[in-house]
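Asks: I have a structure I would like to understand better, so I am pasting it below and will then ask my questions one at a time.
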Amino acid sequence: MQKEAPKVMTAPSGQVKSSGISIKKMLQKTEEVNEEKGFDINNMPKTPYTIDDLKMAWRRFAFEMKDKRKETIYNALIKREPKQISDHEYVLVVDNQVQIDYIKPYAGELIGYIRAEVKNYLIDIKMEITQNQEAEVKFQTGKDKFASLARKNPNLHTLKSKFNLDIEY
């Protein structure tokens, strides 16, 4: 068995080679593509819509994300409905910065999908972090719901074990 000769390290040059991925560059490219195609929001449809139309499009997009195995985005979109700020401006309230960072790359796709579904290109969506997380808890599974109820009433554990109940998870 032959041993490979050790590699000789040189002094650092001070220049880092990167993969070239940059959010700023990606956004600039999107703007350039839109300008090249002649994409002008003022010339796009502005059909009247209801909040229910927007919510249905919102849910359809969320389920498409679930089908693409993007469960984090799906859960963030389904947990809370969008809040209307003005006529065409909405806010998505999320739990933390991590969710914002995870959803941000898909925000353009979400806005584009909703605009196309309701045929109104004035719609804009922003994201905010919730101020009161405890009051807005929605349960994702039966196990979470049982644990929350059992914290409030410890006798549930006694009933579960006494009657040999199986909680559907």
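Only the coordinates and a few stated rules stand behind these numbers; no lab work does. These numbers come from a predicted model, not from an experiment. Every residue, glycine among them, receives a Cβ derived from its backbone with ideal geometry; neighbour counts consider all protein chains shown.
Asks: Cα-Cα over 31 Å: which of 68/162; 83/160; 70/160; 66/126; 70/152; 68/119?
Replies: Values: 68/162 42 Å; 83/160 39 Å; 70/160 34 Å; 66/126 21 Å; 70/152 33 Å; 68/119 24 Å.
With Cα atoms farther than 31 Å apart: 68/162; 83/160; 70/160; 70/152.
Asks: Turning to a different aspect of this structure: Residue by residue, what Karplus-based ³J(HN,Hα) values in Hz, rounded to whole numbers, does region 77-82 have, using 6.51, -1.76 and 1.60 with θ = phi - 60° and x for Gly and Pro?
Replies: 6, 7, 4, 9, 7, x
Asks: Note down the relative contact order for region 70-113 as a percent, whole number, built from C-alpha pairs under 8 angstrom at least six residues apart. Before the final figure, lay out the partial values.
Replies: Working: 24 pairs, mean separation 14.4, N = 44.
RCO, region 70-113: 33 percent.
Asks: In addition: If neighbour count is taken as other Cβ atoms inside 10 Å, put 61, 163 in order from fewest to most.
Replies: Details: 61 21, 163 8.
Listing 61, 163 from fewest to most nearby Cβ atoms yields 163, 61.
Asks: How compact and how long is region 41-131, expressed as Rg and Dmax of its alpha-carbon atoms in Å?
Replies: 12.6, 38
Asks: Please list, by residue number, every one of the trypsin sites (Lys or Arg not before Pro) in region 59-165 that is coil in DSSP and has at most 15 other beta-carbon atoms within 10 Å.
Replies: On the way: sites: 59, 60, 66, 68, 69, 70, 79, 80, 83, 115, 119, 126, 138, 143, 145, 151, 152, 160, 162; in loops: 68, 69, 70, 80, 119, 138.
Those that pass, being in a loop and sparsely packed, are 68, 69, 80, 119, 138.
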